[in-house]
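Remarks on the structure that follows.
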Amino acid sequence: ILSEYSVKFGLGRPTGIDLPYEVSGNIPSVFVRKMTLKNWYDGDTANFGIGQGELLASPIQAARLMAILVNGGKLVRPHVIKYIDGKEIKYPLPQDLHLDGKVSGIVMQGLRQVVESDSGTARMLGDIEGLTVAGKTGTAQVYNAPAHGLFVGFAPFKNPKVVICVFIENCGSSYYAVKAAKEILQGLVKEGFL
């Protein structure tokens, strides 16, 4: 079920963004394991659940996943270009994933706790004046090098206007990604965008 829902939510396949060289990422699957005569263990499920192991997602996939929560369950195709030669590009309509509002509300409250709680890994985002932020931190382990740091989130919490994803290669932890996200969000507040 994890694999099925991950694909439904846009992981393991390109987003279709209008940029070259987009990669699919990887969604581990019990079915694929069985086809290759390998076992699936409880530890594999735990790793999958926390975003480790064989799971690979790009920053744009992480941002789009966060956007699904804040836009009422719509899977959108991200884009950079709106017009070419004065003509508006027509993109596919968002796909409605029919999220259960109660479940997504619980997830969003958990994301708020990442910032609001004293033990939250992104608590430094809690002191941006006039802005409530929610999100998730992460580290992506790298063989024989420091881990990559990640923060993906949204603001303001009650009426989201922006999704942000900061990914910093080989910084060792998510601390630096959260710090960069704070500077970006403070800039958006200062310039009147939030």
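Kirkwood radius for the chain, taken over all pairs of different Cα atoms as the inverse mean of 1/r, rounds to 18.1 Å. Per residue, the chain exposes an accessible area of 63 Å² to a 1.4 Å probe, with every protein chain left in place. Stokes-Einstein diffusion for the stretch 1-95 at 10 °C, viscosity 1.306 mPa s, with a Kirkwood radius from C-alpha pairs, works out to 106 µm²/s. Surface calculation, 1.4 Å probe, protein heavy atoms: Phe167 sits at approximately 90 Å² accessible. Look at the Cα gyration tensor of the stretch 122-187: its axes a ≥ b ≥ c give a/c of at least 1.5 with a/b over b/c, and that counts as prolate.
At the listed q of 0.16, 0.26 Å⁻¹, the Debye profile of the stretch 79-139, built from one uniform point per Cα, gives log10 I(q)/I(0) equal to -0.73, -1.00. Computed over protein heavy atoms with a 1.4 Å probe, the carbon and sulfur contribution to the accessible area of the chain reaches 57%.
The values are calculated or read from the model by the stated rules, or taken from the named source; none is laboratory data. Everything numeric here is computed off the predicted structure, so don't read it as measured data. Only protein heavy atoms, including side chains, enter the accessible area calculation; ligands, DNA and RNA are left aside. Shrake-Rupley method; radii C 1.70, N 1.55, O 1.52, S 1.80 Å.
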